[in-house]
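Below is one structure; the comments refer to it alone.
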Amino acid sequence: MSTIYITTFTPESKANAQRFQEECKLFLEAECLLSISDKEWDQNSIRTKLDKSDVLVVVIDENIRLNDKGLSDRIRFELVTAIHLDLMIVPILVDDAQLPNRSPNAPGTFKTLQNAKSYKLRSPYWSEDIHELLDDIQSELDFRKEVEDKLSRSSDPNFLGLGDEEGKPLKPHGLGLEFSSALELRRIIESERHNLDQARRKGDRDAEKKSLSVLGLTFSQMGQTQQAIHYFKEQLAIAREMNDLEEQCSLLANLGDACAVSGNIDNARGYYQEQLMLADSEGFSAHIASSFNGLGFVYVKSENIPKAIECYFKSLELYKRLEDHEKILELLVGIGLNHQKLGDLKQAAEFLEQAGVEARYLENRKEEAQICVDLAELYIQLGQDEKVMSVLTRAEDIFKHQSAKWAHSWKNKITTIKKGLNKRNI
């Protein structure tokens, strides 16, 4: 489960923050932590809450006239902590709220707030605006989770011999935050730093590389991406020394993912391009596909959507040859939604239709239902009303067997679409 930390500038913003909080709980099934007052705030308490969070959301109401001197000590501390933890930072501007123009002399925390992608939530169109925001947050969280999974898989061999607090063997997946406590992760770091020193004293490059891999993975699991990058770079240097080309490709992908998660898009692009060149020269099809996928994400973040689609399509064709249906589904959805961003609704619908077929093949009912709802909205915009009820009925059939909180939000979305369709046809 993801954790979202929501902060506000004044107690008067509490109502909007709580409304957003409820939507997050329903749609994202997320734990939400609310910070609404500057009175008696405690640094240790805030640090502890942010340390287990994935996103910092800053709710800004229209009655707040924001400037770089208007950040309270509490919010400044929250932003600084979130930056150090590489959290996703999301400013929400309610109604007529605005961030002031960028200033080169503004403090770093204020620049971070200005440079983050902000979202408008208009009171009369709240349900419409909130879904775009929550979809983007979910996409980013999914990407970060995918990075964690990839890192776990790529480093499996290096966890042989590690144990938990009781001395039992620790499985690779046990390093995920949902399985391992922060205490276990810190214990692993302490142990592996000792092993790393020992390996370097002995000149044992294999053992050194193993410890670097464990440290890089563990820090990435803790959300300390910059530390992870440091150790992955050192591991990459040894892999180059040993001329292990496939491991180099994997590490370049890890570094690209870690940089992308931390917002360093230029460095991420460089690592993915280097991975592509090496993988292409050696004919590593899976790594070529991975590098194009990573580059697609970089171009999305750079708001170059046509180039992103081009990279995603190249990745898709390769994953089709490899018969990796999970990646095929992911890319079909991504290509469809990016065509929608360009206003190319017909192409968006075509790719989402293919994604629906793939979701059924994988028996991924949740993804299939969500694709059906997205298709319903596209069909309405395309004037293809006869197709709307078909996909909505399919979605309802799936959702009626779901009691999870996330399903309620989608059921409400279906009701809203039907009401809008009925009004249009009256």
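Determine, at each q value in 0.14, 0.21, 0.30 (inverse angstroms), the log₁₀ of I(q)/I(0) that the Debye formula gives when each Cα of region 221-263 is one equal point scatterer.
The computed values of log10 I(q)/I(0) come out as -0.30, -0.62, -1.01.
Can you tell me, using C-alpha contacts under 8 Å and at least 6 residues apart, the relative contact order of region 269-426 as a whole percent?
Numbers: 169 pairs, mean separation 20.1, N = 158.
13 percent.
Once each part is reduced to its C-alpha centroid, what is the distance from region 322-354 to region 238-290 in angstrom?
Region 322-354 and region 238-290 have Cα centres spaced 25 Å from each other.
Over region 178-289, consider all pairs of different Cα atoms and compute the Kirkwood hydrodynamic radius from their mean reciprocal separation; express it in Å, one decimal.
Numbers: mean 1/r = 0.0685 Å⁻¹.
Kirkwood radius, region 178-289: 14.6 Å.
Are there any GluC sites (Glu not before Pro) in region 259-340 that are in a DSSP loop and have at most 16 other Cβ atoms within 10 Å? List them by number.
Details: sites: E274, E282, E303, E310, E317, E323, E326, E330; in loops: E303, E323.
Filter output for region 259-340: E303, E323.
If I stretch the segment between R201 and L382 completely, what's the gain in nm (0.36 nm per residue apart, minus their alpha carbon distance), one decimal? Walk me through the numbers on the way to the answer.
Working: separation 181, 0.36 × 181 = 65.16 nm, distance 6.72 nm.
Result: 58.4 nm gained on full extension.
If packing is taken as the average count of other Cβ atoms within 10 Å, what order do 225-236, 134-145 fall into, highest mean first?
On the way: 225-236: 20.8, 134-145: 16.7.
Averaged packing, sorted descending, gives the order 225-236, 134-145.
Could you line up D129, D206 from fewest to most neighbouring Cβ atoms inside 10 Å? Could you put the intermediate results ahead of the total?
Details: D129 17, D206 10.
Least crowded to most crowded, the residues run D206, D129.
In nanometres, what is the gap between the two model label sites at K400 and D73, each 7 Å from Cα along Cα-to-Cβ?
5.8
Counting every Cα pair in region 310-426, what percent are over 22 Å apart?
Working: 2442 of 6786 pairs.
Here the tail beyond 22 Å accounts for 36 percent of pairs.
Can you give me the orientation-averaged projected area of the convex hull built on the Cα atoms of region 300-364, in nm²? Spell out each step's value before the answer.
Working: hull surface 16.5 nm².
Its average projected convex-hull area is 4.1 nm².
So between D266 and W126, what do we pick up on full extension, going 0.36 nm a residue minus the alpha carbon distance? Please report the intermediate quantities before stating the final value.
Details: separation 140, 0.36 × 140 = 50.40 nm, distance 3.43 nm.
Computed gain between D266 and W126 is 47.0 nm.
Using θ = phi - 60° and the Karplus form 6.51 cos²θ - 1.76 cosθ + 1.60, what ³J(HN,Hα) does each residue of region 308-317 get, whole Hz, x for Gly and Pro?
These are the phi-based 3J(HN,Hα) values: 4, 4, 4, 5, 4, 5, 4, 5, 4, 4 Hz.
No value in this document is a laboratory result; all are computed from the given coordinates. Every value quoted in this text rests on a predicted model; they were computed, and no experiment measured them. Note that each Cβ is placed from the backbone with ideal geometry, even for glycine, and that neighbours are counted across all protein chains shown.
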